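> Let me begin by handing over the structure; questions about it come next.
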Amino acid sequence: MDAIQGVYFRREDYAGFWRRLWVDVIDTLIIGTVCLGPVIAFDLPLMASPWILNLYLAICAIVGFCYFVVLKRSKAGTVGYLVCGVRILGLDGRPARLRSLTFRTLFAVLGPLCGLESVWIAGDPHRQTLRDKFAQTYVVKRKAVPAGTGKVIFGYYEICCYHYILREVEVETTPPVLS
């Protein structure tokens, strides 16, 4: 496939708002339990020393990176992806790159709308959140197959008074045949 070609799916093959909300809830609960569970269970005194707190935060960041980036790219996916039956792909239809997943995760945590950008799904033909738009990824149902290929174009968006030019796949529409 050329570098300027991408794939698209049928609208019903993209993960919708509620499915993605469940994925986020499940994954957030799991990573929260893994990172905060030991502190609560063993009453760890993290504030006793700055280096202990820094070490603990570094370990939590590494665990979070492995879970939200490395595991999402794998065939298995995160627990939320497994339970809700979804996977994440790049615009080319292959598993998303680590760079894209890293950017997507950082955008979800540090982005301007911090998780509320999921409402963007309703008006987007590919049901992408803003973090998906910026990271050039799709979240689709696990068994979804591409509906076709299209040229990768640059779409213009105005979001919160900022202007963006983002890559997206143009869906081929065939004009009606007049007889």
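The values are calculated or read from the model by the stated rules, or taken from the named source; none is laboratory data. Source: prediction; values computed, not measured. Cβ atoms come from the backbone with ideal geometry, glycine included; neighbour counts cover every protein chain shown. Heads up: the accessible areas ignore ligands, DNA and RNA and are worked out on the full protein's heavy atoms, side chains in. Shrake-Rupley method; radii C 1.70, N 1.55, O 1.52, S 1.80 Å.
> Only loop residues by DSSP count here, and only those with at most 11 other Cβ atoms within 10 Å; note down the trypsin sites (Lys or Arg not before Pro) in segment 94-144 that meet that.
The qualifying sites are K143.
> Rounded, prolate or oblate: which fits segment 57-179, taking a ≥ b ≥ c as square roots of the Cα gyration tensor eigenvalues, rounded meaning a/c under 1.5, else prolate when a/b beats b/c?
It comes out oblate by the Cα gyration axes.
> Hey, another quick one. For the chain, return all DSSP H helices satisfying: extent of Cα atoms along own axis at least 20 Å; mean Kyte-Doolittle hydropathy at least 1.6.
Counting only whole DSSP H runs, the qualifying helices are 50-65.
> How large is the helix-only mean residue ellipticity at 222 nm for the chain, computed as the sum of -39500 (n - 2.57) over DSSP H runs with n ≥ 4, divided by its residue count, in deg cm²/dmol to the nearest 500?
-12000 deg cm²/dmol
> Would you please classify the overall shape of segment 80-138 from the alpha carbon gyration tensor, given that a ≥ b ≥ c denote the square roots of the eigenvalues, rounded means a/c under 1.5, and beyond that prolate means a/b larger than b/c while oblate covers the rest?
Because its axes are fairly even, with a/c under 1.5, segment 80-138 counts as rounded.
> Further, regarding this structure: What are the residues whose amide H is under 5 Å from the amide H of Q5, where those residues sit 5 or more places off or on another chain and H is modelled from the backbone?
V152
> Which one, P146, P95, P38, has the greatest fluctuation when you compute a Gaussian network model over the chain with C-alpha springs under 10 angstrom?
P38
> Taking all protein chains as present, what is the carbon and sulfur share of the accessible area of the chain, in % to the nearest whole number, probe 1.4 Å?
Carbon-and-sulfur percentage of accessible area, whole number: 69.
> Continuing with the same structure: What are the residues whose amide H is under 5 Å from the amide H of A96, where those residues sit 5 or more places off or on another chain and H is modelled from the backbone?
Here L89, G90 satisfy the definition.
> Report ³J(HN,Hα) in whole Hz for each residue of segment 118-134, in order, from the Karplus equation J = 6.51 cos²θ - 1.76 cosθ + 1.60 where θ = phi - 60°; Gly and Pro get x.
5, 5, 4, 4, 4, x, 9, x, 9, 6, 8, 7, 4, 5, 5, 4, 5
> Can you give the accessible area of Y67 in Å² (nearest 10), computed on protein heavy atoms with a 1.4 Å probe?
30
> Output ³J(HN,Hα) for segment 149-164: one whole-Hz value per residue in order, computed from phi by the Karplus curve 6.51 cos²θ - 1.76 cosθ + 1.60 with θ = phi - 60°, and x for Gly and Pro.
10, x, 6, 7, 10, 10, x, 9, 10, 10, 10, 6, 6, 10, 10, 10
> Going by the alpha-carbon gyration tensor, a ≥ b ≥ c the square roots of its eigenvalues, is segment 47-94 rounded (a/c under 1.5) or, if a/c is not under 1.5, prolate (a/b greater than b/c) versus oblate? Working shown, then result.
Numbers: a/c = 5.06, a/b = 2.74, b/c = 1.84.
Prolate.
> Show I52, I31 ordered by accessible area, largest first, where the area counts protein heavy atoms only and the probe is 1.4 Å.
Heavy-atom accessible area, descending, gives I52, I31.
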